[in-house]
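Comments concern the structure below.
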Amino acid sequence: MPKYTLTVNEKKQTVDVDAGTPLLWVLRDNLGLTGTKYSCGEGICGNCTIHVNGKAERSCVINVEDAVGSSITTIEGLAEKHDHPIFKTWIELEVSQCGYCQPGQIMTLAALLEQNPKPSRKEIDDALNSVLCRCGTYQRIRNAVDKLVEEGQ
Ligand code: FES
Ligand code: FES
């Protein structure tokens with residue numbers, strides 16, 4: 001099998017997988033970064049969202065070979081590096097229910113706030129609307145986002 005060297009959470013890691021393996025599987029199965037979740041596998045639900053060069057991307061539809069040379073950040077990297085205010089607000093407002101979709105919600109929001117610390121309601125909705133939550137935590141997510149934006153985080 002071919003070898004691919006990826007930069008994940010600022011560390012270079014080499015994996016030995018078939019060409020065309022989704023990045024999601026590499027993160028979870030080869031690198032043990034199971035914070036990134038599998039749900040639809042088709043780029044629809046947003047639960048597998050990570051950052052690729054600072055942009056929110058769906059890791060289930062990125063082939064491993066296309067990730068070589070990019071800077072990849074997972075929820076573990078976000079948690080480690082930044083002590084990000086999103087985590088504090090999420091805990092304070094008890095946003096999560098089962099938690100399964102939350103890494104995707106948080107990674108999507110973190111990318112948005114990084115690019116635009118004061119997004120409009122429409123920009124927030126456009127970014128988060130397609131990240132699905134089976135538990136229906138949408139109102140709590142909205143409250144948390146409003147608090148973060150108000151506080152200029
Ligand atoms: S698992 Fe990737 S978008 Fe649903
Ligand atoms: S918190 Fe359960 S799927 Fe969103």
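A short reminder: the numbers here are calculations on the coordinates, not readings from a lab. Everything numeric in this text was worked out from a predicted model, so none of it was measured. Glycine also receives a Cβ, built like all others from the backbone with ideal geometry; neighbour counts cover every protein chain displayed.
With +1 on each Lys and Arg Cβ and -1 on each Asp and Glu Cβ, and nothing else charged, work out how big the dipole of segment 81-150 is about its Cα centre, in Debye to the nearest 20. Mind dumping the intermediate values first?
On the way: 9 positive and 9 negative charges, 20 e Å.
With Lys and Arg at +1 and Asp and Glu at -1, about 100 debye.
Nearest 20 debye, what's the magnitude of the dipole of segment 3-77 about its Cα centre given +1 on Lys and Arg Cβ and -1 on Asp and Glu Cβ? Could the numbers behind the result be given before it?
Values: 7 positive and 9 negative charges, 38 e Å.
In total the dipole reaches around 180 debye.
By how many nm would the segment from residue 42 to residue 14 grow when fully extended, if each residue of separation counts as 0.36 nm and the alpha-carbon distance is taken off? Don't jump to the answer; show the numbers that get you there.
Details: separation 28, 0.36 × 28 = 10.08 nm, distance 2.52 nm.
That pair, residue 42 and residue 14, stretches by 7.6 nm at full extension.
Report the rotationally averaged projected area of segment 81-150 based on its alpha-carbon convex hull, in square nanometres. Kindly include the intermediate steps, with their values, before the conclusion.
Numbers: hull surface 17.5 nm².
For segment 81-150, the mean projected area of the Cα convex hull comes to 4.4 nm².
Whole-Å semi-axes of segment 3-77's equivalent ellipsoid, largest first, each the root of 5 times a Cα gyration tensor eigenvalue? The partial results should precede the final answer.
Numbers: eigenvalues 55, 37, 25 Å².
For segment 3-77, the ellipsoid semi-axes come out as 17, 14, 11 Å.
How many lysine pairs does the chain hold where the Cα atoms are under 27 Å apart and the two sit 8 or more places apart or on different chains?
Total qualifying Lys-Lys pairs in the chain comes to 28.
Note the per residue figure in Å³ for the convex hull of the C-alpha positions in the chain.
Numbers: hull volume 15.0 nm³, N = 153.
Per residue, the Cα convex hull of the chain comes to 98 Å³.
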